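To keep things clear, I will list the structure first and then write my remarks on it.
Where a number appears in this text, it was derived from the coordinates with a stated rule and is not lab data. Because the structure is predicted, anything quoted here is derived from the model rather than measured. Note that we place each Cβ from the backbone using ideal geometry, even for glycine, and neighbour counts take in every protein chain shown.
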Amino acid sequence: MAKFTIDVPAGPIWNQEDAEKKCPMVCAAHFGKWNGQWNTVVPNEMSVCGCEIDTDREGSSELILDVIAGPIWNQDDAKEKCPVICASYGGEWTGGWHTPQETWGKMSVCECKFKI
């Protein structure tokens, strides 16, 4: 079973008790499990949770989600960026992407598939 660990931003975490409440939720939102580690990276503003992601998910259900990807300019640009963005969350790119009208030139999203 292949696994990797990433630090996921979680907002401010004040102490171990606070981390024990927040980190399991943060990691679950990224299809992972909290490994018990956390760290403050910007005092009073941002902490990160250590999340273990299993890359060999063989779930029977699939979940499709849009994941923020920065600006994407066209299909060729999406083909370069979206597989990497989706993989960074442990998912696969579906081939779909779009830029919300209000964020043109600033933010696009990739459509990612996750096995759960």
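Values for this structure:
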{"read-out": "Order of S60, S108 - criterion: other Cβ atoms within 10 Å of each residue's Cβ, fewest first", "value": "S60, S108"}
{"read-out": "Distance violations [Cα-Cα > 24 Å] among K79/K113; K3/K81; K22/K81; K33/K113; K79/K115", "value": "K22/K81"}
{"read-out": "Ratio of Rg to Rh over the chain (Cα coordinates, Kirkwood Rh, two decimals)", "value": "1.03"}
{"read-out": "Convex hull per residue volume in Å³, alpha carbons only, for the range 62-115", "value": "59"}
{"read-out": "Cα-based equivalent ellipsoid of the range 3-54: semi-axis lengths in Å, sorted from largest, via gyration tensor", "value": "18, 10, 8"}
